[in-house]
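For reference, the structure is listed below as structure tokens.
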Amino acid sequence: MSFETRVARAARNTLGAIAALTLAATAAQAQTYGIATMPPGTLSHTTASAIAKVLKEKGGMNVLVQPTAGETTLIPLVARGEADLGIANIFETEAAVKANPDLRLVGSLHSLRGAFWVRKDSPMKTVADLKGKRVVLGFSAMRTIDPMVKAILAAGGLNEGDIKPVLVPNVVRGADDFANGAADMFFFAFGGAKVREVDATVGGIRALTIPKDGMAAAQKIVPEGYLTPAVPSPFFVGVEQPMEVYTWDNMLLTNAKVKDEVVIKMIETLQANKADLVAVQPALRDFDDKKLYKTYNLPYHPGALKYFKDHKLEAVKVQ
């Protein structure tokens with residue numbers, strides 16, 4: 001083989017290697033990540049939209065929001081790798097881990113605060129006033145919402161026998177039934193677009209107060225629920241004076257197949273661009289890498305654990 005031939009072959013090999021590397025880099029950049037979440041109009045859907053926007057615009061990651069019927073539906077999708085990320089409340093997550101062994105936590109995104117709402121012109125002011133009223137229950141697509149509703153009823157000294165159940169698959173349907181006059185109240189998380197929609201549709205809504213001394217009864221049903229302060233504001237629709245509202249954690253989930261470096265990059269990008277998250281979803285004011293890692297007895301993704309270790313972050317106590 002002549003010297004010229006050897007040089008030409010070497011050049012072709014080098015160009016081939018460069019092309020392969022370029023294609024690999026392009027493919028990595030082009031990879032699409034799905035984030036499974038609740039239906040449009042829910043707080044979690046807005047949270048997912050904020051995360052997808054920031055990861056795409058600030059992290060160069062193509063992240064698409066995948067709406068589902070509810071958390072009972074989306075968690076198995078994440079565990080199976082049909083979605084790379086998911087957002088679900090802590091109750092749904094705890095209930096699903098045993099049946100979905102590949103499910104992993106990234107961490108606690110923010111607190112969820114919810115309420116029972118009634119029409120603003122209703123004489124009802126507290127949870128106890130729901131006795132004999134039509135109350136949304138069931139939540140077949142969101143199994144752990146039902147115990148939460150029953151826990152809040154218990155805080156008001158009520159149980160299922162004291163009310164008229166209106167069975168719904170999810171919180172969106174519950175809100176629609178309320179707006180259509182089929183229920184006397186609805187349960188939803190503060191910050192959801194649906195809450196503002198219903199408020200405008202019915203001419204105003206009011207959040208019912210939860211007696212603090214009733215929380216012992218509520219926590220016998222749902223131990224992870226607790227009360228936090230709320231004041232009148234655009235976020236706390238229907239809060240007419242300072243009060244305490246029902247609170248729990250909303251989690252960012254992934255699966256064991258997602259690479260460590262992807263999870264780390266996601267956390268880094270979200271942490272560095274909190275203002276952009278809050279601009280889309282005000283509830284993400286709570287987001288902080290120091291609050292991601294909590295003492296839940298659930299498996300965290302190795303990438304998240306490496307991030308926590310590298311940043312010397314210890315698990316914080318729940319609540």
If you go through segment 197-246 one residue at a time, how many are out of contact with any strand residue (DSSP E or B) (no Cβ under 9 Å at 6 or more places or on another chain) and touching a residue at least 60 places away in the same chain (Cβ under 8 Å)? 5
Qualifying residue in segment 216-230 (condition: touching a helix residue (DSSP H, G or I) at 6+ places or on another chain (Cβ under 9 Å), over 26 Å from LEU153 (Cβ atoms) and of a type in the set (D, E, K, R)): no
Answer residue from segment 113-124, given it is touching a residue at least 60 places away in the same chain (Cβ under 8 Å) and open to solvent by 10 Å² or more (accessible area, probe 1.4 Å) and is nearest to ALA175 (Cα to Cα) among those: ARG119
I need every pair where a residue in segment 129-140 that is on the phi < 0 side of the Ramachandran plot has its Cβ under 9 Å from the Cβ of a residue that is surrounded by fewer than 22 Cβ atoms within 10 Å (Cβ to Cβ) and polar (S, T, N, Q), sequence separation at least 6 or different chains. ASP129/SER122; SER140/THR72
Filtered residues of segment 178-228 (kept if among the hydroxyl-bearing types (Ser, Thr, Tyr), modelled with pLDDT under 95 and surrounded by fewer than 16 Cβ atoms within 10 Å (Cβ to Cβ)): THR228
Which of the numbered conditions does GLY41 fail, given that it passes all the others? Conditions: (1) open to solvent by less than 40 Å² (accessible area, probe 1.4 Å); (2) more than 15 Å from LEU252 (Cβ to Cβ); (3) modelled with pLDDT of 90 or more. (3)
Restricted to segment 95-112 and to residues being of a type in the set (A, V, I, L, M) and touching a helix residue (DSSP H, G or I) at 6+ places or on another chain (Cβ under 8 Å), the residue most open to solvent (accessible area, probe 1.4 Å) is ALA99
Hey, does segment 148-168 have a residue that's open to solvent by 20 Å² or more (accessible area, probe 1.4 Å), of a type in the set (S, T, N, Q) and closer than 25 Å to LYS220 by Cβ? yes
Which is surrounded by 21 or more Cβ atoms within 10 Å (Cβ to Cβ) and over 19 Å from TRP248 (Cβ atoms), of ARG134, ARG173? ARG173
Among (1) assigned to a loop (DSSP other than H, G, I, E, B); (2) touching a residue at least 12 places away in the same chain (Cβ under 8 Å), where does ASP177 come up short? (1)
Of ASP289, ASP260, ASP249, ASP310, the only residue that is farther than 30 Å from TRP117 by Cα and either open to solvent by less than 50 Å² (accessible area, probe 1.4 Å) or in contact with a Leu (Cβ under 7 Å, 6 or more places away or on another chain) (or both) is ASP289
Test result for LEU167, part of a strand (DSSP E or B) and without any contact (Cβ under 8 Å) to a residue 24 or more places away in the chain: no
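The values are calculated or read from the model by the stated rules, or taken from the named source; none is laboratory data. What you are looking at is a predicted structure, and each value in this text was computed from that prediction instead of being measured. Here Cβ is always computed from backbone atoms with ideal geometry, including for glycine, and neighbour counts include all displayed protein chains. The area values use the complete protein model at the heavy-atom level, side chains included, leaving out ligands, DNA and RNA. Shrake-Rupley method; radii C 1.70, N 1.55, O 1.52, S 1.80 Å.
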